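Notes follow once the structure below has been shown.
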Amino acid sequence: GAGVSQSPSNKVTEKGKDVELRCDPISGHTALYWYRQSLGQGLEFLIYFQGNSAPDKSGLPSDRFSAERTGGSVSTLTIQRTQQEDSAVYLCASSLGLQGISGELFFGEGSRLTVL
Amino acid sequence: KNQVEQSPQSLIILEGKNCTLQCNYTVSPFSNLRWYKQDTGRGPVSLTIMTFSENTKSNGRYTATLDADTKQSSLHITASQLSDSASYICVVSAYGNNRLAFGKGNQVVVIP
């Protein structure tokens with residue numbers, strides 16, 4: 001696609017429910033990143049993928065969070081048994097190369113999650 | 001302590017005026033520094049990327065400077081427009097580290 005696509009754009013759920021957030025990166029981008037942005041805070045790294053593998057999962061805040069990527073393309077971030085503190089904007093980004101190199105990073109518009 | 005500190009946290013400027021945003025970082029070893037613009041409810045969009053050897057880079061009315069010795073960067077907005085109202089995020093990358101360090105952003109509001 002022309003840009004990074006995320007869905008849903010908005011999600012309201014009840015505490016304790018599971019949610020899935022989807023990211024469709026720019027075609028050909030091998031690196032894919034998930035970030036969380038809470039109100040008034042900087043972006044918090046969650047996980048990144050190089051191809052289908054996730055070398056660094058240490059940013060995931062708890063074992064309720066998981067992510068996968070298939071076919072080197074679409075990624076899904078799953079939050080199980082959602083809590084109110086999970087409410088935030090979840091941003092996905094993709095790039096041709098890894099962030100440590102000066103690769104351009106392209107962000108999606110984010111998925112706003114509200115847990116009631 | 002955050003590795004990237006931005007100031008001021010927020011500012012209000014009159015349309016047509018200039019403003020300068022500051023970013024101080026402690027990330028090491030330094031690879032590159034980026035400025036992103038994030039409109040409300042949107043994803044961040046890259047304005048500039050600078051490596052160690054670059055000390056200034058422009059993108060239209062946006063000019064970024066970098067002093068790698070003092071680990072400081074600034075983003076200057078010239079002749080501000082209402083559409084410049086946004087959060088400006090400073091992001092620093094270290095060699096060998098695939099995690100970018102993000103500042104909390106400078107919230108700019110341009111008023112007519």
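Table for the structure above
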quantity	calculated
Members of segment B:33-72 found to be polar (S, T, N, Q) and in a strand (DSSP E or B), listed by number	B:Gln38, B:Ser46, B:Thr48, B:Thr51, B:Thr56, B:Ser58, B:Asn59, B:Thr63, B:Thr65, B:Gln72
Matching residues, segment B:72-97, being at pLDDT 95 or above and not small (Gly, Ala, Ser)	B:Gln72, B:Leu75, B:His76, B:Ile77, B:Thr78, B:Gln81, B:Leu82, B:Asp84, B:Tyr88, B:Ile89, B:Cys90
Sole exception among (1) farther than 26 Å from B:Ala94 by Cα; (2) of a type in the set (A, V, I, L, M); (3) within 14 Å of the chain's Cα centre (by Cα) for A:Leu32, by number	(1)
Residues located in segment B:25-49, provided they are closer than 19 Å to B:Asn98 by Cβ and either of a type in the set (A, V, I, L, M, F, W, C) or away from every other protein chain (no Cβ under 12 Å) (or both)	B:Tyr25, B:Thr26, B:Val27, B:Ser28, B:Phe30, B:Leu33, B:Ile49
Pair list, Cβ under 6 Å, 6 or more apart: segment A:38-66 residue more than 9 Å from chain B (Cβ to nearest Cβ), other residue buried (at least 18 other Cβ atoms within 10 Å of the Cβ) and in a loop (DSSP other than H, G, I, E, B)	A:Leu46/A:Leu60; A:Ile47/A:Leu60
Residue within segment B:18-32 that is in a loop (DSSP other than H, G, I, E, B), touching a Ser or Thr at 6+ places or on another chain (Cβ under 7 Å) and either of a type in the set (Gly, Ala, Ser) or surrounded by 19 or more Cβ atoms within 10 Å (Cβ to Cβ) (or both) present	no
Conditions (1) more than 8 Å from chain B (Cβ to nearest Cβ); (2) part of a loop (DSSP other than H, G, I, E, B); number of the one not met by A:Tyr33	(2)
Which numbered condition B:Gln38 misses (of (1) at pLDDT 95 or above; (2) of a type in the set (S, T, N, Q); (3) within 25 Å of A:Pro25 (Cα to Cα); (4) surrounded by fewer than 13 Cβ atoms within 10 Å (Cβ to Cβ))	(4)
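The values are calculated or read from the model by the stated rules, or taken from the named source; none is laboratory data. A quick note: this is a predicted structure, and the numbers were derived from the prediction, not measured. As a convention, Cβ positions derive from the backbone with ideal geometry for all residues, glycine included, and neighbour counts pool all protein chains shown.
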